[in-house]
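Here is the structure we will look at, set down as structure tokens.
The values are calculated or read from the model by the stated rules, or taken from the named source; none is laboratory data. All values derive from a computational prediction rather than experimental measurement. All Cβ positions, glycine included, derive from the backbone under ideal geometry; neighbour counts span all protein chains shown.
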Amino acid sequence: MSVMTLVKAINNALDIELNENEKVVVYGEDVGYEGGVFRVTQGLQEKYGKHRVFDSPLAESGIVGTAVGMAVAGLKPVIEMQFSGFAYPGFNQMISHVSRMRNRSRGKYTSSLVIRMPYGGGIKALEHHSESMEALYGHIPGLKVVIPSTPHDAKGLLISAIESEDPVIYMEPKRIYRAVKQEVSDEKFKVKIGSANVVQQGTDVTVVTYGAMMRDTQKAIALAKKAGISVELIDLRTIYPLDRQTIANSVKKTGRLVSVTEAPKTFGPGGELMAIANEEAFLHLEAPPKRVTGFDTIFPLPQGEHHYIPTPEKIYYEIEKTVKF
Amino acid sequence: MRHVFKFPDIGEGLEEGTIVEWYVKKGQQVESGQSLVQVETDKVTTDIPSPKTGTIAALYGSEGETINVGDPLAEIEIEGVEGEEAVKEEEQQPAGPSEESVEEEEGAGVVGTIEVAGEGGYLPSSQEGVEQPEEAEKEEKPKKKAIATPVARALAKDLGVDINNIKGTGPGGRVMKDDIYNYVEQKKPERPSEPAPGKEVEETVEYEDLTQIRKTIAKNMSRSKQNAAHMSVMDEVEVSELVRIRNKYKEKYKDQGIRLNYLPFILKATALALKKHRQLNSELDLDNDRILYRYYYNIGIAVDTDKGLVVPVIKHVDRLSVYELAQKTSEIARKARDGELTMEDMKGGTFTVTSYGSIGGQFAVPVINYPQAGILGIGRIVKKPVVNENDEVVPGHMLPLSMSVDHRIVDGGEVSRFLNTLMEYLGDPVTLIME
């Protein structure tokens, strides 16, 4: 066991996979020599050489496109978009090739690759660094999308992603890159993709969240506990495929659902979670499912971002309202 | 006092650093902000400034040695700060999560500010996926929750019952609306326990649960008073002739098992008067800005029973003879007494008569049977001295009439005209068969 931050856990997972599987290659902008702008890949080039961990040109379309070719040829690329906001030049590759290679080739080839990208606000960065666009990827058939909220899950999910036969979008909540620490096993282990984690059992309301919002939500739950509200907290961990069963079972038990996401409201992940409550647990609902979200606006500049990201107080307010409905 | 300076967390989650060079020696005077030591981490080589002004009392670690974040680096003797103030300064050391600017070699402004875990940033460790899963966590036994649509839940809430206590009979045990109604019907609400008898308790009270009929009465009365603009007119009519006729035929009817009182005459007269004053047999349709006139005359009769007030209706009163009306009134009186009235008997009234004279009381202000336009109250017939046409004081049988109307539809003049017509019929009962 070692104490790891999210950054260290991801680095550790890459290290394990690079060491174990010579087909794994890691590349992206500043990933090699610098070790990434957030130091996620630090030390890996030194350890595994420039042919396996290297810097790419500043061209996301090329980064993703070459990964498609590598994957078809049998390599296992784990590529980095420096920020999720830079991924869009590569988006065409993701939607047109990455997501559908298995289908297009009638199963002959797969795009077995991982696209890592830091996402989300709260670090006083520029606006196109701060968005939470997981719904874009979750909406594309053929892609899996995961978001860890703990160092343990970051490591286990990344190992699962690298060993997945299908492409995985691995989104990293950069706000908590170093803000949380955890004792994590040094051994190789996996956290199953598509499996949500019931972090805390409760009886009054199911609260579903993921990524950096876990921390704020846990603060809100502490407030709820003082008010005598028993919250069942679920860390979604996988955006797609959604763990419908775990969510439905919990909502059936509590009769209430509040989802917490940083992403904009409309067509966002929160709406999909409400749909599960409606489709799978309609006859158990005691209150209308509620979503706490960001706003349908461009993410604000540093001075305004605390207005955008849901606060513990706002989350608690909605939890209380739902329980008292 | 002595300040122990620990190797600070300088950001980016660094755990350790190597001492490159000490800038100060033991016993040296240092200023706050003055560089104490150069430390090399796996990212940067940086100078660590002194947090205090004072004298170096001790230095830990020699050049080339690796130290961990949180290890003591130096001890500084601070002069003139003692006791409480010193403690306060000590407490000011950051303890919780702190925000540190990430010191990138280049382009730090692009990346933003990354929060670094403090003591509060520790998460409990997880064993998921690491070892064989241990025995499944004991799930807390969930409280039984009802399966129901939101509509059913809302209904249960409105009726003040906990839907989770209701047994569902729908598909998959779903609680249906009927289940809720049945439950409410059967439920015997608990009485609050009576106060323990004590010597000083003299003011005895008792809670009695409302019967369904009392609830309905309460609801209807409130609705009427809240909606209709009540206005009342009262008058007396001399009915000696009616008294004579009634007494004459009483025995005859009795032979046929019918008890003849004044009510059949009054009903008949009322129906005929309503025919002439259609406003009294109407209903206000405010939603559509119109009045609904009814050209049939179904008169409800307010009957006092031991369970409460009920209002059975006699249909098409205008078409019935006094004899038939006597039959009908006897019948509904019996049914009301025996609790045999059905919903069918209560429906379709267009006007209401309430007769309290047999019990007592002369004048009253009756409450309209909403949404009807009016109600006629009949008091007790009493003998009174009256002045006849020849200015002689003679004994008369006076029947008191109390009329309430919904003033929104019926004007005062029309009420008086209606009463005049009614009084003409009752004063000269032969007219009842003349039309």
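For this structure, a couple of remarks:
- Hits in the stretch A:175-194 (condition: hydrophobic (A, V, I, L, M, F, W, C), closer than 27 Å to A:MET133 by Cα and part of a loop (DSSP other than H, G, I, E, B)): A:ALA179, A:VAL180, A:VAL191, A:ILE193
- Sole exception among (1) more than 7 Å from chain A (Cβ to nearest Cβ); (2) at pLDDT below 85; (3) within 30 Å of A:GLY122 (Cβ to Cβ) for B:PRO124, by number: (2)
- Residue within the stretch A:97-116 that is surrounded by fewer than 24 Cβ atoms within 10 Å (Cβ to Cβ) and among the aliphatic types (A, V, I, L, M) present: yes
- Candidate set: the stretch B:336-364, residues that are within 31 Å of the chain's Cα centre (by Cα) and part of a loop (DSSP other than H, G, I, E, B); chosen: the one surrounded by the most Cβ atoms within 10 Å (Cβ to Cβ): B:GLY349
- Odd one out for A:PHE267 among (1) of a type in the set (A, V, I, L, M, F, W, C); (2) within 14 Å of chain B (Cβ to nearest Cβ); (3) over 28 Å from B:ALA154 (Cβ atoms): (2)
- Considering residues of the stretch A:304-325 that are of a type in the set (A, V, I, L, M, F, W, C) and part of a loop (DSSP other than H, G, I, E, B) only, the residue nearest to the other protein chains (Cβ to nearest Cβ): A:PHE325
- Here B:THR216, B:THR204 are screened, and the one residue that is part of a loop (DSSP other than H, G, I, E, B), surrounded by fewer than 19 Cβ atoms within 10 Å (Cβ to Cβ) and polar (S, T, N, Q) is B:THR204.
- Residue check: B:ASP235 meets all listed conditions (1) in contact (Cβ under 8 Å) with a residue 40 or more places away in the chain; (2) in a helix (DSSP H, G or I); (3) touching a Leu at 6+ places or on another chain (Cβ under 9 Å) but one, namely (2).
- Subset of the stretch A:291-303 that is surrounded by fewer than 22 Cβ atoms within 10 Å (Cβ to Cβ) and within 14 Å of another protein chain (Cβ to nearest Cβ) - its residue that is nearest to A:VAL323 (Cα to Cα): A:PRO300
- Members of the stretch A:251-287 found to be crowded, with 20+ Cβ neighbours inside 10 Å and touching a His at 6+ places or on another chain (Cβ under 6 Å), listed by number: A:GLY255
- Any hit, the stretch A:141-160, residues being buried (at least 24 other Cβ atoms within 10 Å of the Cβ) and at pLDDT below 95: no
- Of the candidates B:LEU292, B:LEU280, the single residue that is in a helix (DSSP H, G or I), within 20 Å of B:ASN227 (Cα to Cα) and in contact with a strand residue (DSSP E or B) (Cβ under 6 Å, 6 or more places away or on another chain) is B:LEU280.
- Qualifying residue in the stretch A:129-148 (condition: over 30 Å from A:VAL199 (Cα atoms) and out of contact with any helix residue (DSSP H, G or I) (no Cβ under 7 Å at 6 or more places or on another chain)): no
- All positions within the stretch B:365-393 that are surrounded by 12 or more Cβ atoms within 10 Å (Cβ to Cβ) and more than 19 Å from B:MET423 (Cα to Cα): B:VAL367, B:ILE368, B:ASN369, B:TYR370, B:PRO371, B:GLN372, B:ALA373
- Residue within the stretch A:237-249 that is within 22 Å of A:LEU285 (Cα to Cα), away from chain B (no Cβ under 12 Å) and not in a helix (DSSP H, G or I) present: yes
- Residue tally, condition facing chain B (nearest Cβ under 7 Å), within 26 Å of A:ALA71 (Cα to Cα) and surrounded by fewer than 24 Cβ atoms within 10 Å (Cβ to Cβ), over the stretch A:188-210: 2
- Where a residue in the stretch A:89-103 is over 12 Å from A:PRO141 (Cβ atoms) and its partner, wherever it lies, is surrounded by fewer than 17 Cβ atoms within 10 Å (Cβ to Cβ), with Cβ under 8 Å and at least six apart: A:PRO89/A:ALA59; A:PRO89/A:SER61; A:GLY90/A:SER61; A:ASN92/A:SER61; A:GLN93/A:SER61; A:MET101/A:TYR109
- For the stretch A:121-129, the criterion of being under 20 Å from A:ALA67 (Cβ atoms) and either acidic (Asp, Glu) or touching a residue at least 12 places away in the same chain (Cβ under 8 Å) (or both) is satisfied by no residue at all.
- If you go through the stretch A:255-299 and pick out every residue that is free of Cβ contacts under 8 Å to residues at least 40 places away in the same chain, in a helix (DSSP H, G or I) and under 19 Å from A:GLY120 (Cβ atoms), you end up with 2.
- 3 or more residues aliphatic (A, V, I, L, M), within 11 Å of chain B (Cβ to nearest Cβ) and more than 16 Å from the chain's Cα centre (by Cα): qualifying helices (runs of 4 or more DSSP H) within the stretch A:79-174: none
- Scan of the stretch A:13-51 for residues that are closer than 22 Å to A:MET94 by Cα and over 22 Å from the mean Cα position of the chain (by Cα), ordered by number: A:LYS23
- Consider the stretch A:211-250 and keep the residues that are of a type in the set (Gly, Ala, Ser) and closer than 14 Å to A:GLN200 by Cα. The one that is surrounded by the most Cβ atoms within 10 Å (Cβ to Cβ) is A:ALA220.
- Residue that is surrounded by the most Cβ atoms within 10 Å (Cβ to Cβ), among those in the stretch A:1-43 that are more than 14 Å from every other protein chain (Cβ to nearest Cβ), among the charged types (D, E, K, R) and under 18 Å from A:ALA67 (Cα atoms): A:GLU17
- Residue match in the stretch A:46-59 (condition: under 26 Å from B:THR113 (Cα atoms) and crowded, with 21+ Cβ neighbours inside 10 Å): no
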